[in-house]
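The values are calculated or read from the model by the stated rules, or taken from the named source; none is laboratory data. Computed from a prediction, not measured in an experiment: that's the story for all the values here. Counting neighbours? That spans all protein chains shown, and the Cβs are built from the backbone with ideal geometry, glycine included. Remember, those area values only see protein heavy atoms, side chains included, never the ligands or the DNA or RNA. Shrake-Rupley method; radii C 1.70, N 1.55, O 1.52, S 1.80 Å.
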Amino acid sequence: MPLEIVAEPSNPSTLVLAGRLDSTTAPELEAVLDRVLKKAPPRLVFDLSKLEYLSSAGIRCFVRARKALEPGGGKVAIVNPQPSVRKVLDIVKAVPAGGIFKDIAELDAYLDEIQRQVRDRD
Amino acid sequence: MRDSLKNHIELRAANLAEQARLEHELQIAASIQQAMLPKPGSRALPPEVRTAAALTPAKQVGGDLYDYFTVDDTHVLFAIADVSDKGIPAALFMARLAGLLGVVATSGKSPDRILHEINARLVEDNDACMFITIGCGLLDIRNGHIRYASAGHDAPLLRTAEGSVASLAVENGAAIGIDSSAEYTAMEIVLAPGDTLVLFTDGVTEAWMADGAQFGTERLVTVLSEAKDGSSDALLRHVVDTVASSARAADDLTVLALSWTPRGVTWNRSEKAMRWLIEPQISNVGVAQTQQWLRSILAARAVAADLINDAELIAEELLTNVVRSLDARGCDSRMSLDCELTPTQIVMTVRDDGPPFDPLALAAPDLDADISDRSVGGLGVTLVRQLADSCRYSHVDGHNVMEIRLHRTTV
């Protein structure tokens, strides 16, 4: 199964990836990232629940997104990777500890918490 | 007296003429029936599929059928069937089946659906109450995956490249032609290059030996596993010759052998291990194909899913690096992946004739660096090191040789 990318116009910006993200299909995600990163969203979420295979060519996309967004205070989060994909993410520390969430609800709770902290500070 | 003798002679002559006419018609019927079967090369199969088949009717015409044809760019359908009874009625019913198979199966449906539909159509107007046992499979030529469904037919035998033979664990539904509500279930298997699937009708297993015993499935298993050459052609010849020389067929006798032979993959068997050599073109497409073939080989040998994933990932990382270095060189180069399988481990060896380059000598990227300092590359080799149980680089005879070992968790 090749790669399928669905950009959800939700808040935060979410890219749902399904199938295989490898050296053959990574250019498709690179092209989508070209567009998405230009808008410099404060948060970018990769939903990996339907991703079956991930290689270093795909991980480079995640690292690239982090390099583009994090220096400006943005955040890249990964949601619900399957075990085989999670293993690969962990080996190369693609996102920092705490950047991988088991589902959207856990991510939402985390984002709410951050927002609350920001409000409290103000 | 003279008149009655004359009458008798005339009657006899007329009978003989009638008999000759019937005989002639039967011969025509037989040749029409043979023409319904695919002849070698007549079905324009893709090069990834090898078939070999033989059908010997017990009478001039019979009720056995085999067929195979291309359904779409990526799938080949194959089937074997046996109509209850022999002779003309069976032959006519078989002709109906052959026509239906061509119509129903070209839609690319799963074999269980195909059997369901053919059954529904044959049950209507089946006043002669004939029935058919049939096995039907759909081969994906990209990856050797087969979906197979069976309606009361003997399970096919799979002879692996290693030479072992076993029956497919088919879930048989009712023979078709009887019950319109019959349901069929498809099972899935994966062929490795070098494996051959052998389908047969009971004319083979129920042929009579000189000692009064039937040929039997066990003997067929033995015959197949003893064959030196496991190709579809050789296995077919071996089975047909063995049955012909040792048994007397009482029924139509049909054998269909089929194997998946992707271009660029060869195999050989030694005492200790089975090896597949994949020689892809030097491109991302070649890498993706290699991954696919490797996955099929390992899946066909029941390697655990997470280990298949690791092996595939290692292959992709190493081969994409090779493609990048050979592409930059821009000349006629070669790369290959050798996959050796033993009961305890997978040994993958990547070879290329590019400039000497040891990926393991590269400094490992700092995975804990601040994101702005972090390099985007170098992650592939990190993955290979972490996933492999051992990896070793050497430069031998002008070739880069990277050997990776993975321990098998299941046997």
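Please give the calculated 222 nm ellipticity per residue for chain A, where each DSSP H segment of at least 4 residues contributes -39500 (n - 2.57) and the sum is spread over every residue; nearest 500 deg cm²/dmol?
Numbers: 4 runs with 54 residues, N = 122.
My calculation for chain A gives -14000 deg cm²/dmol from helical runs alone.
Go ahead and estimate [θ] at 222 nm for chain B from helices alone: -39,500 (n - 2.57) per DSSP H run with n ≥ 4, summed, over the residue count, rounded to 500. Mind dumping the intermediate values first?
On the way: 9 runs with 148 residues, N = 411.
After summing the helix terms and dividing by residue count, I get -12000 deg cm²/dmol.
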* What's the long-distance tail for chain B, i.e. % of Cα pairs beyond 42 Å? -> 30
* Structure fact -> In order over region B:300-310: 3J(HN,Hα) from phi, Karplus 6.51/-1.76/1.60, θ = phi - 60°, whole Hz, x for each Gly or Pro, gives 5, 9, 6, 6, 4, 4, 5, 6, 4, 4, 4
* Structure fact -> Rounded to whole angstrom, the alpha-carbon centroid of region B:231-269 lies from that of region B:63-87 at a distance of 16
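Based only on Cα atoms, what Rg/Rh ratio does region B:338-390 have, Rh being taken as Kirkwood's radius? It would help to have the intermediate numbers written out before the result.
Details: Rg = 14.8 Å, Rh = 13.7 Å.
A ratio of 1.08.
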* **Estimated inter-spin distance, B:Leu92 and B:Asp179, nm [label 7 Å along Cα→Cβ]** => 2.7
* **Contour minus Cα-Cα distance for B:Val347 and B:Asp306 (0.36 nm per residue)** => 13.2 nm
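Could you work out, residue by residue across B:376-383, how many beta carbons of other chains sit within 10 Å of that residue's beta carbon, and then give the average as an integer? Spell out each step's value before the answer.
Details: counts 9, 3, 3, 12, 7, 1, 5, 8.
Across B:376-383, the average partner-chain Cβ count within 10 Å equals 6.
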* Using alpha-carbon coordinates, inclination of helix A:104-121 to the longest axis of chain A, degrees -> 30
* How large is the dipole of the protein assembly as shown about the Cα centre if only Lys and Arg carry +1 and Asp and Glu carry -1, each at its Cβ, rounded to the nearest 20 debye? -> 940
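Return the average number of partner chain Cβ atoms within 10 angstrom of each residue Cβ along peptide A:86-95.
On the way: counts 0, 7, 7, 0, 1, 8, 8, 8, 2, 1.
Across A:86-95, the average partner-chain Cβ count within 10 Å equals 4.
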* To do: Taking H placed 1.01 Å from N in the peptide plane, check which residues at least 5 places from A:Ser13 or on another chain put their amide H under 5 Å from its amide H.
  => A:Arg43, A:Val45
* Asked: What span do the alpha-carbon atoms of the protein assembly as shown cover on each of the three principal axes, reported in whole Å from largest to smallest?
  -> 131, 57, 40
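With every protein chain kept in the model, how would you rank B:His153, B:His395 by accessible area, 1.4 Å probe, largest at the top?
Working: B:His153 5, B:His395 85 Å².
Descending accessible area places them as B:His395, B:His153.
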* To do: Please average, across the residues of A:53-61, the number of beta carbons from any other chain that are within 10 Å of each residue's own beta carbon, and give a whole number.
  => 6
* To do: Just read off the accessible area of B:Val61 with the full protein assembly in place, 1.4 Å probe, to the nearest 10 Å².
  => 10
* Would you please give the FRET efficiency between A:Asp108 and A:Arg86, computed as 1/(1 + (r/R0)^6) with r the Cβ-Cβ distance and R0 = 22 Å, to the nearest 0.05? => 0.65
* To do: Determine the order of B:Arg408, B:Arg113, B:Arg2 by accessible area, beginning with the largest, at a probe radius of 1.4 Å.
  => B:Arg2, B:Arg113, B:Arg408
* Asked: To the nearest 10 degrees, how steeply does helix B:87-105 sit against the main Cα axis of chain B, on a 0 to 90 scale?
  -> 30
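Please report, largest first and rounded to whole Å, the three semi-axes of the ellipsoid equivalent to region B:1-120, where each semi-axis is the square root of five times an eigenvalue of the C-alpha gyration tensor. List each step's numbers first, then the result.
On the way: eigenvalues 359, 47, 19 Å².
In descending order the semi-axes read 42, 15, 10 Å.
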* Structure fact -> Once amide hydrogens are built 1.01 Å from N within the peptide plane, the residues lying 5 or more places from A:Gly74 or on another chain with amide H under 5 Å from its amide H are none
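Taking every pair of distinct Cα atoms and averaging 1/r, then inverting, what Kirkwood hydrodynamic radius in Å comes out for region A:4-121?
On the way: mean 1/r = 0.0696 Å⁻¹.
By the Kirkwood definition, the hydrodynamic radius is 14.4 Å.
Over chain B, calculate the relative contact order: mean separation of alpha carbon pairs under 8 Å at least 6 apart, over the residue count, as a percent.
Details: 818 pairs, mean separation 53.1, N = 411.
In percent, rounded to a whole number, it is 13.
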* Report, largest value first, the span of the C-alpha coordinates of region B:265-407 along each principal axis, in whole Å. => 51, 35, 26
* Structure fact -> Residue span B:Val103 to B:Val401: 0.36 nm per residue of separation minus Cα-Cα distance leaves a gain in nm of 102.1 nm
